[in-house]
Amino acid sequence: MARSFQLQKSQDFIKTLKFSLLQFENEFNITANQHIANKLGFKTSAQFTNLLQPFNEKYMKVDELFIILDNIDGHSKHILDYLCNRYNLVASPKATTVPNNIDNTKDLLLSIGGSNGSLFNDFLLSIQDKHLDLEEIENLEKKAYQTRALLNQFEHDLIEKKKAL
């Protein structure tokens, strides 16, 4: 049964995906669209690029998204962060099982403190006029998400360290 209405593509998701591809491209000095098109089995990069056009009737399949995530290395975090943020979740890298590596834990805790301080500072700057506008709220939301993700990672690292004992 065919749909009787056109599904809307998420503009923010497409922007996030393109940003991740650009970062991947810059890091590895390759054409990301061609690289991903090859991985998806497309004959040309234009076929993949068409999936990223907001008003094109072709949609990306979930399996294709998985292939993209598998092939852009650490740059997939932006995409996962977008999805998690949209559904009020937190994405953080899986904790490593390196037993009691204090330096990693210390560095992560310092990152949490820095992120928390930056969030607090931005909040204080935002309320100087005794009013929070939409841009300030969105900025604070992003900073809070980053801080929460770091704290979540810290918690996971501690759990993994405890398991390794």
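The values are calculated or read from the model by the stated rules, or taken from the named source; none is laboratory data. Everything quoted here is computed from the prediction, not taken from an experiment. We place every Cβ from the backbone using ideal geometry, glycine too, and count neighbours over all the protein chains shown.
Which of (1) polar (S, T, N, Q); (2) closer than 27 Å to Phe13 by Cα; (3) free of Cβ contacts under 8 Å to residues at least 24 places away in the same chain is the odd one out, the single condition Asn116 does not satisfy?
(3)
For the range 46-82, which residues satisfy the criterion of being in contact with a Ser or Thr (Cβ under 7 Å, 6 or more places away or on another chain) and farther than 30 Å from Thr147 by Cα? Step through it out loud before you land on a result.
Narrowing the range 46-82 to residues in contact with a Ser or Thr (Cβ under 7 Å, 6 or more places away or on another chain): 69, 72, 75-76, 78-79, 82.
Residues satisfying the conditions do not exist here.
So which of Ala91, Ala144 is touching a Cys at 6+ places or on another chain (Cβ under 6 Å) and of a type in the set (A, V, I, L, M)?
On the way: Ala144 fails: touching a Cys at 6+ places or on another chain (Cβ under 6 Å).
The conditions single out Ala91.
Okay, residues lined up against (1) over 16 Å from Phe13 (Cα atoms); (2) outside the structural domain of Glu155 (by TED's automatic domain parsing); (3) not in a loop (DSSP other than H, G, I, E, B):
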site	(1), (2), (3)
Glu25	yes, yes, yes
Lys39	yes, yes, yes
Lys43	yes, yes, no
Lys77	no, yes, yes
Leu110	yes, no, yes
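Step by step: first the residues of the range 45-62, then only those that are part of a helix (DSSP H, G or I) and of a type outside the set (Gly, Ala, Ser), then the one that is farthest from Gln11 (Cα to Cα). Which residue is that? Break it down stepwise before answering.
At the first step, the residues of the range 45-62 found to be part of a helix (DSSP H, G or I) are 45-51, 62.
Those left that are additionally of a type outside the set (Gly, Ala, Ser): 47-51, 62.
On the way: Gln47: 19, Phe48: 16, Thr49: 14, Asn50: 14, Leu51: 12, Val62: 17 Å.
Top of the filtered list is Gln47.
Condition test on Thr105, is it over 17 Å from the mean Cα position of the chain (by Cα), among the β-branched types (Val, Ile, Thr) and at pLDDT below 90?
Values: over 17 Å from the mean Cα position of the chain (by Cα): yes; among the β-branched types (Val, Ile, Thr): yes; at pLDDT below 90: yes.
Criteria met by Thr105.
Name the pairs whose Cβ atoms lie under 9 Å apart, with the first residue in the range 56-78 and among the hydroxyl-bearing types (Ser, Thr, Tyr), the second in a loop (DSSP other than H, G, I, E, B), and 6 or more positions between them or separate chains?
Short answer, once both residue conditions are applied: Tyr59/Leu7; Tyr59/Lys9.
Considering each of Ile14, Ile36 in turn, give the residue that is among the β-branched types (Val, Ile, Thr) and either within 18 Å of Leu83 (Cα to Cα) or at pLDDT below 90 (or both).
On the way: Ile36 fails: either within 18 Å of Leu83 (Cα to Cα) or at pLDDT below 90 (or both).
Step by step, each of Ile14, Ile36 is checked, and only Ile14 is among the β-branched types (Val, Ile, Thr) and either within 18 Å of Leu83 (Cα to Cα) or at pLDDT below 90 (or both).
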